[in-house]
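A.B. asks: Before I ask anything, let me first share the structure, which is written out below as structure tokens.
The values are calculated or read from the model by the stated rules, or taken from the named source; none is laboratory data. Values in this document were obtained by computation on a predicted structure and should not be read as measured data. Cβ coordinates were reconstructed from backbone atoms using ideal geometry, including for glycine residues, and neighbour counts include every protein chain displayed.
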Amino acid sequence: MSDLEEFRNEVGTTGSVCVKGGGTRWDVGGEVGQGVRVVSAPSGIDAYDPAEMTVLVGAGTTLTALAEVLAEHRQEVALAGPVGSTVGGALAVGWNSIRRQRVGFARDALLQAECVGADGKRFKAGGPTVKNASGYELCRLLVGSLGTLALMGRVILRTTPIPEWSLWLRGSVTPADVVKSCYRPASILWDGSYSHVCLEGYEADVQREASALIDSGMVKVQGPPSLPPHRNRLTGDLPEGAILDVAIGVAHCPEAAAIQCVDPAVKCIADRMKANFDPHRRLNPNRDPYSVPA
């Protein structure tokens, strides 16, 4: 019996159920509540083709374990999370890396997902190759859905080359001035007074752009600042102690913000999708993907 078949049997056809990986962001989108069965997705790397830049991996595999294997061929995936995070958890939460300008969106990393639906049946969404898009992009619906549409068991991810050179700088240069000095930096973080900038690419290009920023008063640092635990969509002034991810407009804040209202038209479409995928609300009940900024 395959790991996926065992996973399907654990999910079953009745009763509320959810998948738990590393539990590093377990409360994102709300608690599932009492009486919900918790299952684990398969783990392990089943196939990796560096030449095709794809990897087949169990959703329960940790990001750390996956990164170690991919690094042997100087490749990575556009998924990020705290230590202990799993591939499935990172996809379910759907948060983009602070290096999104370099690695791309989390949703673009997922090529194919082998899932178990609310009816207890296995199905595949997407395809095994990069140039495979046709029809509805179900994979994009799954990323950021918090497991409310289907439970991912095994996925095929797109990999990207690790940059030849990477460098972080810090200084009082504003994000607007950073953009004027650099061509698409991998990351710009702003705390209201200082910018943290990540430059990545070929060594000569990185050093040239770094020189311009250093001339403006920035200094080399070991890495990004420690980010506060809560992610909120920035709608006004940057809160005290928060750090803004300039590329995506998400502020990492010390305190959680009030849940913002979702456009009624968007909510209507979301409710119709949920009714089609999970009419009995079995999967990750009480969780609201639309309260979570990407």
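A.B. asks: Which residues, taken from the stretch 1-12, are modelled with pLDDT of 95 or more, more than 25 Å from the chain's Cα centre (by Cα) and not acidic (Asp, Glu)?
C.D. replies: Listed by number, the residues that qualify are ASN9, GLY12.
A.B. asks: I need a count of the residues in the stretch 279-289 that are crowded, with 19+ Cβ neighbours inside 10 Å and not hydrophobic (A, V, I, L, M, F, W, C).
C.D. replies: The qualifying residues number 4.
A.B. asks: What are the residues in the stretch 1-52 that are of a type in the set (Phe, Trp, Tyr) and within 23 Å of PHE123 (Cα to Cα), if any?
C.D. replies: If the condition is that a residue be of a type in the set (Phe, Trp, Tyr) and within 23 Å of PHE123 (Cα to Cα), then PHE7, TYR48 are the ones that fit.
A.B. asks: Could you check, for the stretch 70-87, whether at least one of its residues is assigned to a helix (DSSP H, G or I) and either in contact with a Phe, Trp or Tyr (Cβ under 7 Å, 6 or more places away or on another chain) or closer than 25 Å to HIS230 by Cβ (or both)?
C.D. replies: yes
A.B. asks: Next question. Among the numbered conditions (1) assigned to a strand (DSSP E or B); (2) surrounded by fewer than 21 Cβ atoms within 10 Å (Cβ to Cβ), tell me where VAL55 comes up short.
C.D. replies: (2)
A.B. asks: Hey, any hits in the stretch 22-45 for a residue that's in a helix (DSSP H, G or I) and buried (at least 17 other Cβ atoms within 10 Å of the Cβ)?
C.D. replies: Checked the stretch 22-45: no residue is in a helix (DSSP H, G or I) and buried (at least 17 other Cβ atoms within 10 Å of the Cβ).
A.B. asks: Still on this model: Consider the stretch 11-45. How many of its residues are within 23 Å of VAL69 (Cβ to Cβ) and of a type in the set (Gly, Ala, Ser)?
C.D. replies: 7
A.B. asks: Still on this structure, I have one more. Out of all the residues in the stretch 126-145, is one or more more than 27 Å from ARG99 (Cα to Cα), outside any loop (DSSP other than H, G, I, E, B) and either modelled with pLDDT under 95 or in contact with a Leu (Cβ under 9 Å, 6 or more places away or on another chain) (or both)?
C.D. replies: no
A.B. asks: Shifting gears a bit: What residue, of ARG282, ARG272, is more than 26 Å from LEU167 (Cβ to Cβ), in contact with a Ser or Thr (Cβ under 9 Å, 6 or more places away or on another chain), modelled with pLDDT of 90 or more and basic (Lys, Arg)?
C.D. replies: When all the criteria are applied, what remains is ARG282.
A.B. asks: Search the stretch 102-124 for residues being surrounded by 20 or more Cβ atoms within 10 Å (Cβ to Cβ) and of a type in the set (D, E, K, R), and hand back the single one that is nearest to the chain's Cα centre (by Cα).
C.D. replies: Step by step, filter the stretch 102-124, then rank; the result is ARG102.
A.B. asks: I need the full set of residues from the stretch 65-89 which are more than 20 Å from GLU164 (Cα to Cα) and either surrounded by fewer than 21 Cβ atoms within 10 Å (Cβ to Cβ) or small (Gly, Ala, Ser) (or both), in order please.
C.D. replies: We begin by selecting, within the stretch 65-89, every residue more than 20 Å from GLU164 (Cα to Cα); these are 65, 81-89.
ALA65, GLY81, PRO82, VAL83, GLY84, SER85, GLY88, GLY89 - these are the residues of the stretch 65-89 that are more than 20 Å from GLU164 (Cα to Cα) and either surrounded by fewer than 21 Cβ atoms within 10 Å (Cβ to Cβ) or small (Gly, Ala, Ser) (or both).
This table checks each residue for (1) surrounded by 16 or more Cβ atoms within 10 Å (Cβ to Cβ); (2) over 26 Å from the mean Cα position of the chain (by Cα); (3) within 20 Å of ARG102 (Cβ to Cβ).
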residue: LEU169; (1), (2), (3): yes, no, yes
residue: SER181; (1), (2), (3): yes, yes, yes
residue: ALA186; (1), (2), (3): yes, no, yes
residue: LEU199; (1), (2), (3): yes, no, yes
residue: TYR202; (1), (2), (3): no, no, yes
residue: GLY217; (1), (2), (3): no, yes, no
residue: ARG231; (1), (2), (3): yes, no, yes
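A.B. asks: Is one or more of the residues making up the stretch 171-184 assigned to a strand (DSSP E or B) and either at positive phi or modelled with pLDDT of 95 or more (or both)?
C.D. replies: Yes - at least one qualifying residue is present in the stretch 171-184.
A.B. asks: Evaluate the following for ALA256: is it in a loop (DSSP other than H, G, I, E, B) and crowded, with 16+ Cβ neighbours inside 10 Å?
C.D. replies: no
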